[in-house]
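Colleague: Sharing a structure here in structure tokens format.
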Amino acid sequence: MNVPQPLRRPHPPILIGGGGEKKTLRMVAQYAQACNVFGGPEVAHKLDVLRDHCSALGTDYDAIEKTVMFPLDPGADGQNVDTLLGQLEDLSKLGITHVHGWVPQVASITPLEILGDRVVPVIADW
């Protein structure tokens with residue numbers, strides 16, 4: 001049973017996704033090593049709620065990895081790059097370490113090239 005065994009003990013890291021303030025974020029504080037919330041103006045508030053749950057349960061808030069779902073839209077010709085970089089910087093300052101995103105018009109490959117040339121080099125050191 002359970003072969004192969006997990007490499008980490010006592011179990012693999014648990015990531016809980018969602019932004020429900022009463023149940024989901026409390027379960028993050030109680031059971032998870034990471035959380036994933038939706039990007040947007042409410043991220044700071046959701047992280048404050050998580051911090052409060054951690055405090056109430058005696059969990060180290062800083063030990064929980066924080067991630068978001070967020071659109072990575074550089075624009076067809078890169079016109080959104082500065083806005084995107086500002087948004088990503090704001091998320092980084094909140095303690096977000098990973099962004100799980102989607103790229104509009106990815107089939108044209110150009111948005112990926114723009115992200116690779118103009119976004120990734122800037123955020124690589126954050």
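The values are calculated or read from the model by the stated rules, or taken from the named source; none is laboratory data. In this text, all values refer to a predicted model and were calculated from it rather than measured experimentally. Note: ideal-geometry Cβ built from the backbone for every residue, glycine included; neighbour counts use all protein chains shown. With ligands, DNA and RNA removed, areas are computed over all heavy atoms of the protein, side chains included. Shrake-Rupley method; radii C 1.70, N 1.55, O 1.52, S 1.80 Å.
Colleague: Just the residues that are exposed (fewer than 14 other Cβ atoms within 10 Å of the Cβ) and either in a loop (DSSP other than H, G, I, E, B) or touching a strand residue (DSSP E or B) at 6+ places or on another chain (Cβ under 9 Å) (or both), please, taken from segment 72-89. Lay out the reasoning, then the answer.
Modeller: Going through segment 72-89, the residues exposed (fewer than 14 other Cβ atoms within 10 Å of the Cβ) turn out to be 76-77, 79, 82-83, 86, 89.
The answer is 76, 77, 79.
Colleague: If I filter segment 17-31 down to residues being over 14 Å from the mean Cα position of the chain (by Cα) and outside any helix (DSSP H, G or I), which single residue comes out as nearest to residue 102 (Cα to Cα)?
Modeller: In this case the residue turns out to be 20.
Colleague: Cβ contacts < 9 Å: first residue within 16 Å of residue 39 (Cβ to Cβ) and outside any helix (DSSP H, G or I), restricted to segment 98-126; second residue open to solvent by less than 80 Å² (accessible area, probe 1.4 Å) and among the charged types (D, E, K, R), any location; separation 6+ or different chain. Result?
Modeller: If the second residue must be open to solvent by less than 80 Å² (accessible area, probe 1.4 Å) and among the charged types (D, E, K, R), the pairs left are 98/65; 98/66; 101/73; 102/73; 103/73; 104/73; 126/89.
Colleague: Could you tell me whether residue 49 is of a type outside the set (Asp, Glu), more than 14 Å from the chain's Cα centre (by Cα), surrounded by 20 or more Cβ atoms within 10 Å (Cβ to Cβ) and not in a loop (DSSP other than H, G, I, E, B)?
Modeller: Numbers: of a type outside the set (Asp, Glu): yes; more than 14 Å from the chain's Cα centre (by Cα): yes; surrounded by 20 or more Cβ atoms within 10 Å (Cβ to Cβ): yes; not in a loop (DSSP other than H, G, I, E, B): yes.
Yes; evaluated as a whole, the condition is true for this residue.
Colleague: Now, a different point. Within segment 34-45, does at least one residue satisfy the condition of being open to solvent by 40 Å² or more (accessible area, probe 1.4 Å), in contact (Cβ under 8 Å) with a residue 24 or more places away in the chain and of a type in the set (Val, Ile, Thr)?
Modeller: No: segment 34-45 contains no residue that is open to solvent by 40 Å² or more (accessible area, probe 1.4 Å), in contact (Cβ under 8 Å) with a residue 24 or more places away in the chain and of a type in the set (Val, Ile, Thr).
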